[in-house]
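Trainee: Please read through the structure below; I'll follow up with questions.
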Amino acid sequence: MRTLTLITSAPSAESVFDEAAAAVRARYVDNYLADVRRGDVIARDWTLYEIEMYDAANPEQPPLMDEIHGLSYLAAA
């Protein structure tokens, strides 16, 4: 009896990079929200500094700082 074997291709380097960049951005947002929840102003300011440095190092991506500022806006109902 014959069987078929599915041969998959490895993920492209671009998709791996995109997943890693998304994980880094999500970690910065998580850290910022945790700092705000704790009321830790020093940690919050340090996280904001790191986000500024990340944005400066990655000008081809949408600014993460814009997302952070957008967290404080109320959503329209």
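Trainee: Evaluate the following for TYR32: is it in contact with a Leu (Cβ under 9 Å, 6 or more places away or on another chain), part of a helix (DSSP H, G or I) and either modelled with pLDDT under 95 or surrounded by 10 or more Cβ atoms within 10 Å (Cβ to Cβ) (or both)? Give the derivation first.
Mentor: On the way: in contact with a Leu (Cβ under 9 Å, 6 or more places away or on another chain): yes; part of a helix (DSSP H, G or I): yes; either modelled with pLDDT under 95 or surrounded by 10 or more Cβ atoms within 10 Å (Cβ to Cβ) (or both): yes.
Yes.
Trainee: Determine whether ARG2 is surrounded by fewer than 10 Cβ atoms within 10 Å (Cβ to Cβ) and part of a loop (DSSP other than H, G, I, E, B).
Mentor: Values: surrounded by fewer than 10 Cβ atoms within 10 Å (Cβ to Cβ): yes; part of a loop (DSSP other than H, G, I, E, B): yes.
When the stated conditions are applied, ARG2 passes them.
Trainee: Determine whether ALA26 is of a type in the set (Gly, Ala, Ser), at pLDDT 95 or above, surrounded by 14 or more Cβ atoms within 10 Å (Cβ to Cβ) and not in a loop (DSSP other than H, G, I, E, B). Please lay out each step first, then the result.
Mentor: On the way: of a type in the set (Gly, Ala, Ser): yes; at pLDDT 95 or above: yes; surrounded by 14 or more Cβ atoms within 10 Å (Cβ to Cβ): no; not in a loop (DSSP other than H, G, I, E, B): yes.
No; evaluated as a whole, the condition is false for this residue.
Trainee: Sticking with this structure for a sec: How many residues are in a helix (DSSP H, G or I) and among the polar types (S, T, N, Q) when one looks only at the stretch 35-77? Spell out how you get there, then give the answer.
Mentor: From the stretch 35-77, those in a helix (DSSP H, G or I) are 35-38, 41-57, 64-70; that's our starting set.
Cutting the leftovers down to among the polar types (S, T, N, Q) gives us 47.
Counting residues in the stretch 35-77 that are in a helix (DSSP H, G or I) and among the polar types (S, T, N, Q) gives 1.
Trainee: Which of the residues that make up the stretch 36-54 are open to solvent by less than 80 Å² (accessible area, probe 1.4 Å), among the acidic types (Asp, Glu) and within 16 Å of the chain's Cα centre (by Cα)?
Mentor: Scanning the stretch 36-54 gives a single hit, GLU50.
The values are calculated or read from the model by the stated rules, or taken from the named source; none is laboratory data. Because the structure is predicted, anything quoted here is derived from the model rather than measured. Glycine gets a Cβ as well: all are built from the backbone with ideal geometry, and neighbour counts include every protein chain shown. The protein model used for the area step is the full one, side chains on, heavy atoms only, and it has no ligands, DNA or RNA in it. Shrake-Rupley method; radii C 1.70, N 1.55, O 1.52, S 1.80 Å.
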